[in-house]
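Read the structure below first, then the notes.
What follows is calculated from the coordinates using simple rules that are stated; it is not laboratory data. Here the structure is a predicted model, which is why all the values come from computation and not from measurement. Note that we place each Cβ from the backbone using ideal geometry, even for glycine, and neighbour counts take in every protein chain shown.
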Amino acid sequence: MRTALRTSAFTEPDRPKGLLIRFATTGGSYVDVTGSGENAHDNRWSCHGCGDSSRAPEVSYLFRIRPDANDHATACRAIPLK
């Protein structure tokens, strides 16, 4: 029996240092959440597709960043250009 390989037109980018979560976007790109962890103030998200990123360092706790990153990934239709 042959096993079908799941392939994608897009290649997953390298995983950056401090990667906490990676979401797949609707357009086939990725949104990375990076930082020092749950209670750190340096957590940020950034999209490999459209280039958007988090803008509110005062709400950078992971429990606040995670839903924003997930919402962006759900809505973003930009495809990776690299």
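Pop out the ³J(HN,Hα) list for segment 65-81 in order, Karplus 6.51 cos²θ - 1.76 cosθ + 1.60 with θ = phi - 60°, rounded to Hz; leave Gly and Pro as x.
With coefficients 6.51, -1.76 and 1.60, one gets 6, 3, x, 5, 5, 5, 4, 5, 4, 5, 8, 6, 10, 5, 9, x, 9 Hz.
Sticking with the crude label model, points 7 Å out along Cα→Cβ, report the distance from residue 19 to residue 81 in nm, one decimal please.
2.2
Give the long-range amide H neighbours of residue 43: residues separated by 5 or more places, or on another chain, with amide H under 5 Å away, using H modelled in the peptide plane at 1.01 Å from N.
HN-HN under 5 Å from residue 43: 36.
How much net charge surrounds residue 54 when only other residues with a Cβ under 9 Å from its Cβ are counted (Lys, Arg +1; Asp, Glu -1)?
0
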